[in-house]
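Contents: one structure, followed by commentary.
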Amino acid sequence: MSIVLGSFPKAKSAHLRKARRRDSIAESRMRRADEQVRDPKKERQAMLRFLAYLKPSIPLFLVATLCGIVNYTISAFVPSVTGYVTDRFLSHSGPAPHGGRVNPAYPLLDRVLNRFAPHAGAAARLDLLLGGVMALLLCAGLIIFTRGFLANVGGQRVIFKLRNDLYEHIQGLSLSFFHQNRSGSIVSRLTSDIALAQNFIGNACTLLWMDSISVIGIVAYLFVLSPRMALVSVTVLPLWVCSVRFFGQRIRKASHAVQEGLSELSGQVQEKVAGVTVVQAFAREKRETRLFHRMHRSLFDRQITTVRLQALNMTASNVLTSVAPVTVVLFGAREVLLGHLTPGMMITFWTTLGMFYMPLQRLTDL
């Protein structure tokens, strides 16, 4: 009996040393996550393997992207109707004062009104225009539903396959892998990382292509309306690109550090909760609480860094995208006074310019 009792302090001491060693390893992993530099080649290989899961859902993503482009085309047509009403019914401006440019939508609207209301008065024509715009907006609503539904169905199919394959892969790993990695970290890969992948699929597979094509189309339309005003509008683009590149790289690194910290913290919590009887048996509650606070504080600091960078990126983007519309109003008013532009075309240009910066902002957030 004395031998057993005498060996208990030694066993307790050995267990404490082992626990301290594991705690120091956990803390060192958290510190290394801050300094971790990812291999670009391995990242590209991982991305290619991930993109292979998208192939079965590519038709859904293509149709969803096409629906988004059609919806944006309808939305971009509405400002032209507003400008048409201003020029034809309110200000009675000519189609192109002093040799100015003509909105390509005006002849189309003239033909529609002459076809369906050739002898109607101004009020009847306005009612016809209003009815047509309402019908287009209803169609746009159906298109938005179709795009969102198809994009989400495709994303869920990809995640379903990816999660099943990942779990099957984990089941086949060697025992040494589970000895070298915390079980909580593995669970975090299977849950939180999959959630991030789902967000990437929803954005990259639809919004990225839809917004990119929309930006190109809107820029071309702005140059058709007024090349000089379009040049004024895009002067902020170089600054915007520099801002995105500057903050984008830093946000990605900070996000990687947050994911690593979250993985380590999840592993620590799961192991300690699973072994809570051992923790209480050796009266290590306070030590485990202090360790959790340190690890959680490190994760909190990383999250604050990420939030700060995202806020700065959003601020810079908003400032840059707010300068151009104000400049366009001042320059456009001068063009109208000089007779180079009709009031309706200025309204059309200014409203369309607002639609130009919306997809740019979403591209910034990706």
Open item on the list: Taking the conditions exactly as written (over 30 Å from Tyr106 (Cα atoms) and either free of Cβ contacts under 8 Å to residues at least 12 places away in the same chain or assigned to a helix (DSSP H, G or I) (or both)), does Ile251 satisfy them or not?
Closed with: yes
How many residues of the stretch 197-230 are under 27 Å from Gly155 (Cα atoms) and touching a residue at least 60 places away in the same chain (Cβ under 8 Å)? The answer is 16
Arg101 passes all but one of the listed conditions (1) charged (D, E, K, R); (2) in contact with a Phe, Trp or Tyr (Cβ under 7 Å, 6 or more places away or on another chain); (3) at pLDDT below 85; the exception is number (2)
| request: Kindly indicate whether Gly141 is over 24 Å from Ser75 (Cα atoms), under 30 Å from the mean Cα position of the chain (by Cα) and among the small types (Gly, Ala, Ser). | output: no
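To keep it simple, each residue is scored yes or no on (1) over 18 Å from the mean Cα position of the chain (by Cα); (2) within 29 Å of Pro227 (Cα to Cα).
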| site | (1), (2) |
| --- | --- |
| Glu285 | yes, no |
| Arg297 | yes, no |
| Leu312 | no, no |
| Leu320 | yes, yes |
| Thr327 | yes, yes |
| Gly332 | yes, yes |
| Phe349 | yes, yes |
| Arg362 | no, yes |
Those residues of the stretch 251-295 which are basic (Lys, Arg) and more than 30 Å from Leu312 (Cβ to Cβ) amount to Lys272, Arg284, Lys286, Arg287, Arg290
Among the residues of the stretch 155-168, is there at least one that is within 25 Å of Gln361 (Cα to Cα) and in contact with a helix residue (DSSP H, G or I) (Cβ under 9 Å, 6 or more places away or on another chain)? yes
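Residues checked against (1) at pLDDT 80 or above; (2) of a type in the set (Lys, Arg); (3) surrounded by fewer than 17 Cβ atoms within 10 Å (Cβ to Cβ):
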| position | (1), (2), (3) |
| --- | --- |
| Gln249 | yes, no, yes |
| Ser266 | no, no, no |
| His296 | yes, no, yes |
| Leu309 | yes, no, no |
If we keep only residues of the stretch 200-246 that are assigned to a helix (DSSP H, G or I), of a type in the set (S, T, N, Q) and crowded, with 16+ Cβ neighbours inside 10 Å, then the residue farthest from the chain's Cα centre (by Cα) is Ser233
In the set Phe356, Phe331, the lone residue that is surrounded by 13 or more Cβ atoms within 10 Å (Cβ to Cβ), modelled with pLDDT of 85 or more and among the aromatic types (Phe, Trp, Tyr) is Phe331
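The values are calculated or read from the model by the stated rules, or taken from the named source; none is laboratory data. What you see is a predicted model, and the numbers here were worked out from it, not measured in a lab. Because the Cβ atoms are built from the backbone with ideal geometry, glycine has one as well, and the counts that use them run over all protein chains shown.
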